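Laboratory data are not the source of any read-out in this text; all were calculated from the coordinates shown. Here the structure is a predicted model, which is why all the values come from computation and not from measurement. As a convention, Cβ positions derive from the backbone with ideal geometry for all residues, glycine included, and neighbour counts pool all protein chains shown.
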Amino acid sequence: MNPTKTGTQLAVATVAAVSILLGAGAAAPPAPVPAAPSTDRAALEAQVKATELAFAKTMADRDFAAFQSFLSEEAVFMMRESLRGKEKVAAFWNRFYEGKEAPFSWRPERVEVLDSGTLALSEGPSFDPSGQQVGTFTSIWRLEAPGTWRIIFDKGCDVCAPPAPKPSLP
């Protein structure tokens, strides 16, 4: 028997066996997913609440340019038909900034931030000029740069009428 041929055959068999094992999932496990950055969720929630309040202040101040600065380029405002993109949202909302008096106002009552610190939800009531609650809103914010939250989704709803009282039983 030729020892060189046997060594070559052994090497080929070894490479083939390793290839089969690697192809069958016997490879080393994938690298672990990096942990999410450490976040102080309470601080981020306060940051988002302050951002929402500043966003609402643009309406009271009649500052349309400031309103636009809070919109992400990808913003989607959900209405009967969704407004997609900063330009379309701004074009539609411009009408609410035209008069001297704000046609409505809003304020956040609840804010939640993902553990990753990159997305947040704010929600709360909206009011007519007399202060009567007329609806609610829900907004989704994305951290687009350190300390810069921009709105990516927004949806408002009318206030539901309270249920009618149940008739008395005889």
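Key figures
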{"quantity": "Gyration tensor verdict on region 32-170 (Cα atoms; rounded if a/c is under 1.5, prolate if a/b is larger than b/c, oblate otherwise)", "calculated": "oblate"}
{"quantity": "Whole-Hz couplings from phi, Karplus 6.51/-1.76/1.60, listed for region 59-75; x for Gly and Pro", "calculated": "5, 4, 7, 6, 10, 5, 4, 5, 3, 4, 5, 8, 8, 6, 4, 9, 3"}
{"quantity": "Overall form of region 103-154 per C-alpha gyration tensor (a/c, 1.5; a/b vs b/c)", "calculated": "prolate"}
{"quantity": "5 angstrom amide H check on Ser126, placed H, neighbours 5+ away", "calculated": "Val134, Gly135, Thr136, Phe137"}
{"quantity": "Region 86-117: chymotrypsin sites (Phe, Trp or Tyr not before Pro) falling in loop per DSSP and having at most 16 other Cβ within 10 Å", "calculated": "Phe104"}
{"quantity": "Alpha carbon centroid spacing (whole Å) that separates region 42-100 from region 112-170", "calculated": "14 Å"}
{"quantity": "Region 72-126: C-alpha gyration tensor shape, a/c 1.5 cut-off, then a/b vs b/c", "calculated": "oblate"}
{"quantity": "Radius 12 Å from Cβ of Val134, net charge of other residues (Lys, Arg +1; Asp, Glu -1)", "calculated": "-2"}
{"quantity": "Label point distance in nm, Arg80-Ala46, each placed 7 Å from Cα along Cα→Cβ", "calculated": "4.4 nm"}
